[in-house]
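Below: the structure, in structure tokens.
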Amino acid sequence: MKINISYYIITFMTDVHICKIESKIKLIDDVYLITVDNENLAENARPGRFLHIKCGSERLLRRPISIFNTENSKTSFVFDIRGDGTRWLSERIPGESLDILGSLGNGFDICGLNKLNRDAKVIVVGGGLGIPPLFYAANDIVSRGGRVTSILGFRDKKKVMLEHFFAKICDEVTITTEDGSLGILGLATKPLERLLINGGFDTVLSCGPLPMLKSVAALCAEHNTPCLVSLEERMACGVGACLVCACATKIDGIQDMSRVCADGPVFHASDIIW
Amino acid sequence: MSLSVDFAGITFKNPIVAASGTFGFGREYAEFYDLSKLGGICVKGLTLEPRLGNDPPRIAQSPMGILNSVGLQNPGVDAFIQNELPFLREYHTVVIANISGNTIGEYASMAQKLSEAGVDIIEVNVSCPNVKDGGIAFGTSPDSVASVTEAVVRKATVPVILKLSPNVTDIANIAKAAESAGADALSLINTLIGMRIDTKTRKPILKNNIGGLSGPAVFPIAVRMVWQAAAAVKIPILGMGGVVTLNDTIEMMLAGASLVGVGTACFDDPYAPVKIIDGLLEYLSLNKIDSIKDITGKVILN
Ligand SMILES: Cc1cc2nc3c(=O)[nH]c(=O)nc-3n(C[C@H](O)[C@H](O)[C@H](O)COP(=O)(O)OP(=O)(O)OC[C@H]3O[C@@H](n4cnc5c(N)ncnc54)[C@H](O)[C@@H]3O)c2cc1C
Ligand SMILES: Cc1cc2nc3c(=O)[nH]c(=O)nc-3n(C[C@H](O)[C@H](O)[C@H](O)COP(=O)(O)O)c2cc1C
Ligand code: FES
């Protein structure tokens, strides 16, 4: 797969892979972490890229799920049961295989992370199921010598997950809940504003519900801090051919409909028409 | 044994064609396999001016089908000729330019530009359900189909395929109108207009409210319409709609198709068209058939 954007041309071998499920862990109610073992899939995984997973022969469309982490030949992802496809996925058991098209998309690295200094200071702001890909990105930044402060937003205490993963690698982890049942009461943007006012960060990465991304983008713009966001849109091909996953963008002054699957899912927040 | 098919004076090395709008301009799937394996490629629907298409969501799922409302997003015919056609020309496959216009004049002018630019065939989309201003209006009456066909045939120096809408009551009449107006071939079916509603929000899933249904769900309708059109005209037919497997392909050909388009199947499996092509050779040898073109229209009716 050739990812062709203005400043990088990178060729990854993207293909359909049959991947054996190594483990399935229930993180919280309705949320699972699945790890699959396939060398070729793991090889082109990058933070912010996603997997297009076939969820049973009766469902025509694959389901896009972000990569949570990779280790050697293993790739893992975290998902919640939202409809019948993800329910099917949650019923798989170790030893079975998944048909995965991947890895796909333009991740955080290509979108700007790999232009950062090695000792960059980065904030990651995640909401709900937008949190998993940020761990992969944070881990990548830290392993290259950078430092990460994370803000993880959840609806309530029962939805809190993955915080220990972040705690291991981040300078600081702030948890917010909408009902105040754990951490700071309110939305993830509240602590973000405080951090941005204090300054000293090179960039902000964000993934989560659209209203959250919108506020994060606005705050970053106000405080002149570069911001990368990972977007979601309904998809068909996942590779850039069908144009169903459109998102309105303005890049270098040119208004367009970009493809979330191939031009994204990670975009410069300033390129999105919010 | 031969998979080759002569279609409107053009030789296809095999009868499998990527369907318009599902295959972009070929670049994405070229990363999976050599596009020269395909009999032909119908490119994403082109318009005279660039179009941004409809607002998302543009896709909804349905049992064994999908609804799309892309709305003909494309860079415009000039940008296609400049940036995409040279790439496609690197492959040994038939390049079919799919065009949509708001007016008959737009169709004619695109036909001229694309003929001069050297595409192999022009496919005229008179049936796109996703554009409010035009498109569908041309596809639903025999008279307007005839007018568009005449205008395009007059300007085109390459063969012209008329792509028909399934959203009509009498496909045979429309097929005949296109044939008498000079079309070299027909293709069908385009998508069937459909709608899905989210019961929680009570809103349609597609931002455009309605969209075009494709995929296996439409296959029996496509077979029936190809069969009806084939019975009505002498010109050859590119049959499509829900084809996924080798068996679907054979079925479409028996109904009367000389070429078979594969679209939605690629979203599930990017290799779907090449798997069918590989299967066709086996089918020939297994059934001791010399040439695939011999099965076109060979349905034995009850
Ligand atoms: C790039 C990307 C990364 C994603 N990463 C994750 C992740 O890491 N974890 C996670 O839990 N979810 C993630 N999602 C959302 C996930 O794709 C949907 O929850 C899932 O497709 C729902 O499928 P379903 O069959 O359960 O739901 P249904 O509602 O039954 O699905 C019907 C159709 O709508 C599509 N659809 C429904 N909701 C969404 C949505 N939010 N985004 C895209 N398509 C949708 C489905 O793919 C399917 O085609 C991601 C989406 C995108 C685009
Ligand atoms: C996402 C999408 C976009 C399409 N765009 C076009 C188009 O631009 N022009 C056209 O003539 N047909 C278009 N079609 C229709 C297909 O070419 C084909 O006629 C139809 O999908 C039935 O075949 P299938 O079931 O194999 O997909 C589109 C179909 C889909 C699914
Ligand atoms: S899903 Fe087909 S272009 Fe993005």
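The values are calculated or read from the model by the stated rules, or taken from the named source; none is laboratory data. Note that the coordinates shown come from a computational prediction; the quantities given were computed from them, not determined experimentally. Backbone-built Cβ (ideal geometry, glycine too); neighbour counts: all protein chains shown. Quick note on the areas: whole protein, heavy atoms, side chains included, nothing else; ligands and nucleic acids left out. Shrake-Rupley method; radii C 1.70, N 1.55, O 1.52, S 1.80 Å.
Exceeding 20 Å between C-alpha atoms, which entries from my cross-link table qualify? They are A:LYS121/A:LYS168; A:LYS24/A:LYS159; A:LYS74/A:LYS121; B:LYS44/B:LYS275; A:LYS157/A:LYS214.
Correct reply: A:LYS74/A:LYS121; B:LYS44/B:LYS275; A:LYS157/A:LYS214.
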Correct semi-axes for the stretch A:12-104, from √(5λ) of the alpha-carbon gyration tensor and rounded to whole Å with the largest first, are 19, 15, 12
Given H placed 1.01 Å from N in the peptide plane, which residues other than close sequence neighbours of A:ASN106 have an amide H under 5 Å from its amide H? A:GLY264, A:VAL266
With 0.36 nm assigned to each residue of separation and the Cα-Cα distance removed, B:ASP34 to B:ILE289 gains 89.1 nm
Using a probe of 1.4 angstrom, how much of the accessible area of the protein assembly as shown is carbon and sulfur, in percent? 50 percent
B:LYS288: which aspartates and glutamates have alpha carbons under 12 Å from its alpha carbon, excluding same-chain residues fewer than 8 sequence positions away? none
Two-decimal ratio, the stretch B:14-66, of alpha-carbon radius of gyration to 2.2 N^0.38 Å: 1.38
Checking A:SER181, A:SER206, A:SER230 against a Gaussian network model of chain A (alpha-carbon springs below 10 Å), the top fluctuating residue turns out to be A:SER181
For A:VAL124, list long-range residues whose amide hydrogen, built 1.01 Å from N in the peptide plane, is under 5 Å from its own amide hydrogen. A:THR149, A:SER150, A:ILE151, A:LEU205
What FRET efficiency do you get for B:GLU49 and B:LYS203 if R0 is 35 Å and r is their Cβ-Cβ distance, rounded to the nearest 0.05? 0.70
Listed residues B:ASN247, B:ASN287, B:ASN74, most fluctuating in chain B (Gaussian network, C-alpha, under 10 Å): B:ASN287
Expressed in angstrom, Rg and Dmax over the Cα atoms of chain B are 17.8, 56
Please give the Cα centre distance for the stretch B:242-302 versus the stretch A:215-274, rounded to the nearest Å. 39 Å
Under a no-solvent Debye model with one identical scatterer per Cα of the protein assembly as shown, what's log10 I(q)/I(0) at q = 0.11 Å⁻¹? -0.98
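Tally Lys/Arg at +1 and Asp/Glu at -1 over every other residue whose Cβ is under 14 Å from the Cβ of B:LYS298; what's the total? Write down the numbers at each step before the final one.
On the way: positive: B:LYS293; negative: B:GLU251, B:ASP290, B:ASP294.
So the environment of B:LYS298 carries a net charge of -2.
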For peptide B:22-28, compute the average count of partner chain beta-carbon atoms within 10 Å of each residue's beta-carbon. 5
What are the membrane-span-like helices in chain B by this rule: whole DSSP H runs, Cα extent along the axis at least 15 Å, mean Kyte-Doolittle hydropathy at least 0.5? B:219-232, B:272-287
Report, in deg cm²/dmol and to the nearest 500, the calculated mean residue ellipticity at 222 nm for chain B, where each DSSP H run with n ≥ 4 adds -39500 (n - 2.57) and the sum is divided by the residue count. -8500 deg cm²/dmol
Tell me, how many Å apart are the Cα centres for the stretch A:178-204 and for the stretch A:94-155? 18 Å
Hey, what do the phi angles of the stretch B:38-55 turn into as Karplus ³J(HN,Hα) couplings, whole Hz, using 6.51/-1.76/1.60 and θ = phi - 60°, x for Gly and Pro? 7, x, x, 10, 8, 7, 3, x, 9, 10, 4, 9, x, 10, 8, x, 7, 6
Name the residue, out of A:ILE93, A:ILE53, A:ILE131, whose mean-square fluctuation peaks in a Gaussian network model built on chain A with Cα pairs under 10 Å. A:ILE93
Within the stretch A:180-195, which residues have the backbone N less than 20 Å from the label spot 7 Å out from A:ASP156 along Cα→beta-carbon, could you tell me? A:180-188
Computed over chain A, the relative contact order (Cα-Cα under 8 Å, seq sep at least six) in percent reads 16 percent
Can you list residues from other chains, or at least 5 along the same chain, whose modelled amide H is less than 5 Å from the amide H of B:ILE197? B:ILE205
Grab every C-alpha pair in the stretch A:136-184, bin the distances at 5 angstrom width from 0 up to the longest one, and report whole percents. 5, 23, 28, 19, 14, 7, 3, 0
